[in-house]
Amino acid sequence: MEKLRLSKLMSELGLCSRREADQYIERGWVYVDGQRVTELGTKVYAGQQVTLDPQAAANQRRRVTILLHKPVGIVSAQPEKGYQAAASLIRAQTRDPGDHTSIRFNRSHLLGLAPAGRLDIDSTGLLVLTQDGRVARQLVGDHNGVEKEYLVRVEGHLSDEGMRLLNHGLSLDGKALRPARVSWQNRDQLRFTLQEGKKRQIRRMCELVGLKVTGLKRTRIGNVKLGSLPVGMWRYLREDESF
């Protein structure tokens, strides 16, 4: 049986991100079969028991996850072409007054805060930013299985065959898309539920069946809903919420 890097195994086990794993190893917070490991690059077998020191668990509890209602014109990650990055909206003044979590905003919550996934600059809705590598690993990537729901305003005629293709049968970049759930929300708006997130996927899907997207809003990621969170405002993920 081949060994693999301890940091990779910790990530695969959902204990933390690989970067966090290296930090914990350096601090002596990682045990393999009860033995403390402090050397970066250590390799172990997949079946060995990996546990974290209570200090690592306490460190993870201090890391926050933030839900932002991203406006149109804001980029998810690094600012580009003069556009503002989503993280720059996280300020005490823009916190949703309806956020009743006991967490007190601190500028330390901005350190290492990064979007877990993306939302196009011309789209609005729920964007997750987190300091927690476990959350990022759960949400980032096309094969995480976490559903994402969107309301999509469209122009054009959608045939029965077009609707069938939106649900299953389209390909992008030479690869077949996973089955989706697409239905009419009202006369000019579709509801999309996807388990993947290729770049500009919904807009490209609609183009393939003769529709033009005029508005796109993400309303749910996994079990977490946008709800009544105002545009441009944010709140903390509650302890009773999970994706």
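The values are calculated or read from the model by the stated rules, or taken from the named source; none is laboratory data. In this text the structure is predicted, and so the values were computed from the model without any measurement. Cβ placement follows ideal geometry from the backbone for every residue including glycine, while neighbour counts extend to all protein chains displayed.
Identify all residues within the stretch 68-98 that are charged (D, E, K, R) and assigned to a loop (DSSP other than H, G, I, E, B); write none if there are none. Of everything in the stretch 68-98, those that are charged (D, E, K, R) and assigned to a loop (DSSP other than H, G, I, E, B) turn out to be 80, 81, 91, 96.
Out of the residues in the stretch 220-243 that are within 15 Å of the chain's Cα centre (by Cα) and surrounded by fewer than 15 Cβ atoms within 10 Å (Cβ to Cβ), state the one that is modelled with the lowest pLDDT. So, considering only residues that are within 15 Å of the chain's Cα centre (by Cα) and surrounded by fewer than 15 Cβ atoms within 10 Å (Cβ to Cβ), the one modelled with the lowest pLDDT is 242.
Per the listing 119, 126, the residue uniquely assigned by TED's automatic domain parsing to the domain that holds residue 85 and in a loop (DSSP other than H, G, I, E, B) is 119.
Against the test of being touching a residue at least 40 places away in the same chain (Cβ under 8 Å), within 26 Å of residue 23 (Cβ to Cβ) and touching a strand residue (DSSP E or B) at 6+ places or on another chain (Cβ under 7 Å), the options 87, 114 yield a single qualifying residue, 87.
Against the test of being surrounded by fewer than 16 Cβ atoms within 10 Å (Cβ to Cβ) and either within 14 Å of residue 206 (Cβ to Cβ) or touching a helix residue (DSSP H, G or I) at 6+ places or on another chain (Cβ under 7 Å) (or both), the options 159, 123 yield a single qualifying residue, 159. Screening residue 11 against (1) part of a strand (DSSP E or B); (2) hydroxyl-bearing (Ser, Thr, Tyr); (3) at pLDDT below 90 leaves a single unmet condition, (1).
Evaluated against (1) outside any loop (DSSP other than H, G, I, E, B); (2) more than 29 Å from residue 223 (Cα to Cα), residue 20 falls short on exactly one condition, (2).
Listed by first and then second residue, the pairs with beta-carbon distance under 8 Å, at least 6 apart or on different chains, first residue in the stretch 41-58 and on the phi < 0 side of the Ramachandran plot and surrounded by 15 or more Cβ atoms within 10 Å (Cβ to Cβ), second among the small types (Gly, Ala, Ser) and outside any strand (DSSP E or B), are 53/28.
Among the residues examined, residue 231 qualifies as assigned to a loop (DSSP other than H, G, I, E, B) and among the β-branched types (Val, Ile, Thr).
Taken over the stretch 67-97, the residue count meeting the criterion of being closer than 14 Å to residue 234 by Cα, of a type in the set (S, T, N, Q), surrounded by 10 or more Cβ atoms within 10 Å (Cβ to Cβ) and out of contact with any Pro (no Cβ under 8 Å at 6 or more places or on another chain) is 1. Kindly evaluate residue 101 against the criterion of being outside any loop (DSSP other than H, G, I, E, B) and among the hydroxyl-bearing types (Ser, Thr, Tyr). Criteria not met by residue 101. Checking every residue in the stretch 200-208 against the condition of being outside any loop (DSSP other than H, G, I, E, B) and of a type in the set (S, T, N, Q) gives at least one match.
Check off (1) free of Cβ contacts under 8 Å to residues at least 40 places away in the same chain; (2) surrounded by fewer than 17 Cβ atoms within 10 Å (Cβ to Cβ) for residue 212 and give me the number that stays unchecked. Among (1) free of Cβ contacts under 8 Å to residues at least 40 places away in the same chain; (2) surrounded by fewer than 17 Cβ atoms within 10 Å (Cβ to Cβ), residue 212 violates only (1). Just one residue in the set 182, 152 is crowded, with 17+ Cβ neighbours inside 10 Å, without any contact (Cβ under 8 Å) to a residue 24 or more places away in the chain and in a strand (DSSP E or B); that residue is 182.
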